[in-house]
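Below: the structure, in structure tokens.
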Amino acid sequence: MTTTERPEVRSRMRHYITQRLIMKGDSSPLSDDDLLFTSGRLDSLDAVELIMSIETDYGINFSDIGFDLTRLDSISAIAGLVQQPSAEPA
Amino acid sequence: MTAHNLALHFEEVVAVSPDAIALICEGESFTFSELNGSANRLARWLISQGVDKGAVVCLELPKMAEAYALAVACIKIGAPYAFLDPAAPAERARLMLERCRPALVVSVREGFGPRALIGDDAARAALQDAVSRLDDANLPQTALITGVDPAYVMFTSGSTGEPKGVVIPHQGVLHLIAWAKQDLGIGPGDRLTNVNPIYFDNSVFDIYAGLLNGAAIVALDALKGRPPAELVSEITKHQCTFFFAVPTLFMFLDSMHLLGPNWLPSVSRFMFGGEGFPLARLRRFYDAFAGKAKLINCYGPTETSCICSGFEIVESTFDTTDGLAPLGKLNPNFSYRILDEDMKPVPAGTAGELWLGGPGVALGYINNPQETARRFRQDPLIDGYRSILYRSGDLVEAEAGTGVLRFRGRADNQVKLRGYRVELEEIDHALVACKGVTRALAVVLHDAGGASRLLAAYAGAKLAEDELRQHCAAHLPAYMVPSRFIWLEDIPVNANGKADRRSVASLLGQAVARAS
């Protein structure tokens, strides 16, 4: 089964992450494939917030994905994961 | 060791092992003798700047070698020091400085109060030059400092809307050091990480349990926009044997596949505290290091000299439906009572509020008699002489027979966010100070995995979320800035007419889900 990506999901995610980076004083350019956690631009504080934000905003249970942040390591990765058929809210 | 204050205890360690490494910071190593000499010179410099026994010195510094040496210098004079976050919003820094009424602020930035600036290389070099001409011998007046004299001030969130400074006596830290030696086996040959921020309570353990037991401390920054793999590599490069941090950091390293004996082979003991560690996540940590390193859960409000109980994680720890690791048994020299709202002991096996006593308990809050009187009270079961207990606000239950304490929630609106203690009322106050906001209430939502998210509801004029976020960021540290701000027609109240945080949390949970 394939899923057509909803562009608004990606742009909302980009806005959300850019805002968090600005709050941390990081206004360097950010492309959709830049690594967020591996690079250190987002940290442990951001990780909890990001997962909870996705859970509440999209009604998805991400508790298992919290064990593996490398799957949320870029805007593209997050947008893809949020829109996986298995991740859609019931 | 028989020293009656921290400074003499440190000097005894220096005499035993002058050439052992005491501190590794900014790529440089300092022996005990070098750190002691530097602290003695800085103590004489502080005296020349008007600092005397009992005066407060604020150290608004990042992890630089001078920060550690100045802390030791202060304890040698008997001048309590307060580490302040050099990145804190200016308004919050001013509130803390006003409470301290410092004789001197040593800082990397301009601001309130009489200050010595060491913000750039030239200023640092000038201080080093001035100090280098001073005598590096121990100070004779150090012997006059008693165990009940204040050693340091540690700021924590306050429910009245401003942070409060906890004053800890020398004897409180001496007991912490003894516990670290006896129960955790810390001694010469050990290397402790100091990943915890120095203006955060957990760093008291790193610095004193390390240095005063003859171990080295390695200053490291966890949150500086660096790849997490770098932090792990540094811990291994410096052969650290003891790693203490908040559960959030360990869970993060686990999520990045960096928490395992192949990444951290030198660490033989991991300790975590400051917030609960969800057992599901702890299980992964425990399994990863099974037989290779000990895991210790510790507990202690700032008012109990950093830590008042510890619990080693073992296989049977997971045979519980609690969801969180136990707090453990209280360390020697702490006494406790579990009381109900009427300050009467609760029946065995039921939860009540934990009140803590003994020499490890704080002297009170600096220049804040109202808050001190509210939290430090005469033991209700003792009549006729002074016996002070600190009211922790933590609801606990004591396990019959073992005395192991289990956490059962809070009696007030204090929450733990990434290990930081946050009074939600402090956020409410900051929001109401924003023009147009008439009432505000901060709440925390929890997910099934134990993670938490800070949100805020407000009433009054409808404002842009970015505006509210910027306002909060100007008044509160980053971890206290809510991630979402939701406008409500009015803030719901309970039967007593008080703002109802529980129903607001429920409303906000629905609101953010609907907004997507």
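Points to keep in mind about this one:
- Accessible heavy-atom area order of A:TYR58, B:TYR208, highest first, probe of 1.4 Å: A:TYR58, B:TYR208
- Less than 5 angstrom separates the built amide H of A:LEU36 from those of A:SER74, all sequence-distant by 5 or more or on a different chain.
- Among residues other than B:GLU312 with Cβ under 12 Å from its Cβ, the summed charge is +1 (Lys and Arg +1, Asp and Glu -1).
- Protein-only accessible surface order, largest first, of A:ASP43, B:ASP121 at 1.4 Å: B:ASP121, A:ASP43
- Accessible surface of B:HIS4, taken over heavy atoms with a 1.4 Å probe and every protein chain present, rounds to 80 Å².
- Inter-centroid distance (Cα atoms) of the stretch B:12-77 relative to the stretch B:100-116, Å: 18
- Of the residues in the stretch B:240-263, those shielded by at least 30 Å² of accessible area once partner protein chains are present, compared with the chain alone at a 1.4 Å probe, are B:THR248, B:PHE252, B:SER255, B:MET256, B:HIS257.
- Surface composition of the protein assembly as shown: carbon and sulfur make up 53 percent of the accessible area, probe 1.4 Å.
- Residue-normalised accessible area of the stretch B:22-176, given per residue in Å² at a 1.4 Å probe: 35
- Across q = 0.08, 0.10, 0.12 Å⁻¹, the protein assembly as shown modelled as identical point scatterers on its alpha-carbon atoms has Debye log10 I(q)/I(0) values of -0.57, -0.92, -1.35, in the order of the q list.
- Distances between placed amide hydrogens fall under 5 Å for B:ASN194 paired with B:VAL218, B:ALA219, B:LEU220, all partners being 5 or more residues away or on another chain.
- Each of B:ASP319, B:ASP466 has its accessible area taken with a 1.4 Å probe; listed largest first, they run B:ASP319, B:ASP466.
- Solution diffusion estimate, µm²/s, Stokes-Einstein, chain B, Kirkwood Rh from C-alpha pairs, 10 °C, viscosity 1.306 mPa s: 66
- Count Lys and Arg as plus one, Asp and Glu as minus one, and take only other residues whose Cβ is under 9 Å from that of B:LEU295; the net charge is then +1.
- Per the Debye calculation on the stretch B:288-413 with a single equal scatterer at every Cα and no solvent contribution, log₁₀ I(q)/I(0) for q = 0.09, 0.11, 0.15, 0.16 Å⁻¹ amounts to -0.28, -0.41, -0.73, -0.82.
- Set against the 2.2 N^0.38 Å expectation for a compact globular protein, the stretch A:7-84 has a Cα radius of gyration ratio of 0.99.
- Label positions at B:ARG410 and B:GLN182, each projected 7 Å from the Cα along the C-beta direction, are separated by 3.2 nm.
- For the stretch B:379-502, the Kirkwood hydrodynamic radius comes to 16.8 Å, computed from all pairs of different C-alpha atoms.
- Buried on assembly, the stretch A:18-67 (at least 50 Å² less accessible surface than by itself, 1.4 Å probe): A:MET23, A:SER44, A:LEU45, A:VAL48, A:GLU49, A:MET52, A:THR56, A:ASP57, A:PHE67
- Model label points for A:LEU35 and A:ARG12, set 7 angstrom from Cα along the Cα-to-Cβ axis, are 2.9 nm apart.
- Residue-count net charge about B:ILE338 - beta-carbon cut-off 15 Å; Lys, Arg +1, Asp, Glu -1: 0
- Filter on B:LYS294/B:LYS416; B:LYS344/B:LYS498; B:LYS435/B:LYS498; B:LYS76/B:LYS329; B:LYS63/B:LYS164; B:LYS224/B:LYS462 - keep pairs with C-alpha separation over 31 Å: B:LYS76/B:LYS329; B:LYS224/B:LYS462
- Distant-in-sequence amide H partners of B:ARG410 (H built 1.01 Å from N, under 5 Å): B:LEU395
- Accessible area expressed per residue, the stretch A:7-84, with surrounding protein chains retained (probe 1.4 Å, Å²): 40
- Interface size B-A, as summed buried accessible area [1.4 Å probe, Å², nearest 100]: 2400
The values are calculated or read from the model by the stated rules, or taken from the named source; none is laboratory data. These numbers come from a predicted model, not from an experiment. Positions of Cβ are generated from backbone atoms using ideal geometry, with glycine treated the same way; all protein chains shown enter the neighbour counts. For accessibility, only protein heavy atoms count, side chains too; no ligands or nucleic acids. Shrake-Rupley method; radii C 1.70, N 1.55, O 1.52, S 1.80 Å.
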